[in-house]
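Taking it in order: structure first as structure tokens, then the write-up.
The values are calculated or read from the model by the stated rules, or taken from the named source; none is laboratory data. Quick caveat: nothing in here was measured; it's all calculated off a predicted structure. Here the Cβ positions follow ideal geometry from the backbone for every residue, glycine too, while neighbour counts run over all protein chains shown.
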């Protein structure tokens, strides 16, 4: 696909202990590979074979940089942005656009042309710093989507190769170095987020890993449930997913070895949350929605 591009595109990602928690990082990287001239993966020192796994992926132009995570950066998940910025710093200086993908995200092959076209259309517009994607958050199984206010609707995943733009806070999005929001264009494409679709044992491992990035040991001992398996039943609202998943995810989906049953009619809301949910579904307006960007196109 990139044979006719007049742009150079770098992908970048971070990885650590991805085998322990069964992250679909292979699928994530494969999903953006058709658009990328190189993919940089910052691989943190791990307790599993993450580096060997990434090294063995048959993905053209994939480059590994070895890092050591600073486990003292536990407030607000700051270590995630720190590691993301290490990968960001390693991309080719002559790349035009940088495509960030997290280890539990994928893009659909049907959106690749739209993404490419948006990058081309915005390439010479100096007002556009990044591209905004819509999000699908899967929960419990590949058949259900989270649709309440706990899930963010949109986020930045492509940025211009500008050294003044950095990963921000817990690496969910990007900002200028002075922490001001960047200007983005909507690329009318989706990120499939699979962070909440794993075997309950792997999900529990992921939750333990995640909380250690945010909280100290005292908080962990007091507030984090110690269990062999994650309990998926504590969820407020889900809706059925009736679309198609990216092709790169098909083998993983077909190998599912757990069951998750949920009645999407049921809603576990308090009165205020139920009212705000009704407004959003009725009028398409999320009251008080926080947006980590300026959408100008």
Quick check, is residue 125 more than 15 Å from the chain's Cα centre (by Cα) and part of a loop (DSSP other than H, G, I, E, B)?
-> yes
Considering residues of region 229-242 that are more than 17 Å from residue 198 (Cβ to Cβ) and surrounded by 11 or more Cβ atoms within 10 Å (Cβ to Cβ) only, the residue modelled with the highest pLDDT = 239
Filter region 140-153 down to residues that are under 25 Å from residue 167 (Cβ atoms) and surrounded by 19 or more Cβ atoms within 10 Å (Cβ to Cβ), then give me how many there are.
-> 1
Filtered residues of region 105-121 (kept if over 14 Å from residue 159 (Cα atoms) and either touching a helix residue (DSSP H, G or I) at 6+ places or on another chain (Cβ under 9 Å) or buried (at least 22 other Cβ atoms within 10 Å of the Cβ) (or both)) | 105, 106, 107, 108, 109, 112
Checked pairs for region 276-297, first in contact (Cβ under 8 Å) with a residue 24 or more places away in the chain and on the phi < 0 side of the Ramachandran plot, second part of a helix (DSSP H, G or I) and surrounded by 12 or more Cβ atoms within 10 Å (Cβ to Cβ), C-beta under 7 Å and 6 or more apart or across chains, list as 286/280
Residue 169 at pLDDT below 95 and either within 28 Å of residue 91 (Cα to Cα) or in contact with a strand residue (DSSP E or B) (Cβ under 9 Å, 6 or more places away or on another chain) (or both) = yes
Could you tell me whether any residue of region 108-118 is under 24 Å from residue 294 (Cα atoms), outside any helix (DSSP H, G or I) and in contact with a strand residue (DSSP E or B) (Cβ under 8 Å, 6 or more places away or on another chain)?
-> no
If you go through region 243-260 one residue at a time, do you hit one that is surrounded by 11 or more Cβ atoms within 10 Å (Cβ to Cβ), out of contact with any strand residue (DSSP E or B) (no Cβ under 9 Å at 6 or more places or on another chain), in a loop (DSSP other than H, G, I, E, B) and modelled with pLDDT of 90 or more?
-> yes
Given the conditions (1) crowded, with 19+ Cβ neighbours inside 10 Å; (2) modelled with pLDDT of 95 or more, every one holds for residue 23 apart from (2)
Qualifying residues in region 183-228 (those that are within 22 Å of residue 143 (Cβ to Cβ) and part of a loop (DSSP other than H, G, I, E, B)) - the one modelled with the lowest pLDDT | 199
Sole residue being touching a residue at least 12 places away in the same chain (Cβ under 8 Å) and either crowded, with 20+ Cβ neighbours inside 10 Å or closer than 26 Å to residue 43 by Cβ (or both), chosen from 193, 127 = 193
Output the residue which, of all residues in region 1-20 that are more than 21 Å from residue 160 (Cβ to Cβ) and either crowded, with 24+ Cβ neighbours inside 10 Å or out of contact with any helix residue (DSSP H, G or I) (no Cβ under 7 Å at 6 or more places or on another chain) (or both), is modelled with the highest pLDDT.
-> 15
Where a residue in region 159-182 is free of Cβ contacts under 8 Å to residues at least 12 places away in the same chain and its partner, wherever it lies, is crowded, with 19+ Cβ neighbours inside 10 Å, with Cβ under 7 Å and at least six apart = none
Region 138-169: number of residues that are in a loop (DSSP other than H, G, I, E, B) and over 16 Å from residue 191 (Cβ atoms) = 11
Residue match in region 82-99 (condition: surrounded by fewer than 18 Cβ atoms within 10 Å (Cβ to Cβ) and in contact with a helix residue (DSSP H, G or I) (Cβ under 7 Å, 6 or more places away or on another chain)) | no
